[in-house]
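Every read-out reported here was derived from the displayed coordinates using simple, explicitly stated rules and does not represent laboratory data. Everything quoted here is computed from the prediction, not taken from an experiment. Glycine gets a Cβ as well: all are built from the backbone with ideal geometry, and neighbour counts include every protein chain shown.
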Amino acid sequence: MAHKFEIYKDKKGEFRVRFKFNNEVMVSSEGYASKASAQNCIESIKKNSPGAETEDNS
């Protein structure tokens, strides 16, 4: 699979989510105290982002 979500623990012991495409990290989340919260982050992205617009503030 060319793309995937990954849950991992950072150096502080917090759970984080990464979205990878061809093994390159495209997006990384904030830290979460529980793994369930990280899983909720993934589900929220899947559910709410299909029609996301791009806002260019440059």
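Suppose the filter is loosely packed, with under 11 Cβ neighbours inside 10 Å and part of a helix (DSSP H, G or I); does LYS47 pass it?
Numbers: loosely packed, with under 11 Cβ neighbours inside 10 Å: yes; part of a helix (DSSP H, G or I): yes.
Against the criterion (loosely packed, with under 11 Cβ neighbours inside 10 Å and part of a helix (DSSP H, G or I)), LYS47 qualifies.
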Practice problem: Sort out which residues of region 10-39 are more than 10 Å from the chain's Cα centre (by Cα), not in a loop (DSSP other than H, G, I, E, B) and not basic (Lys, Arg), and write them in order of number. | Solution: PHE15, PHE21, GLU24, TYR32, ALA36, SER37
Quiz item: Residues of region 1-44 being surrounded by 14 or more Cβ atoms within 10 Å (Cβ to Cβ), aromatic (Phe, Trp, Tyr) and either out of contact with any helix residue (DSSP H, G or I) (no Cβ under 7 Å at 6 or more places or on another chain) or touching a residue at least 60 places away in the same chain (Cβ under 8 Å) (or both), which ones?
Solution: PHE19
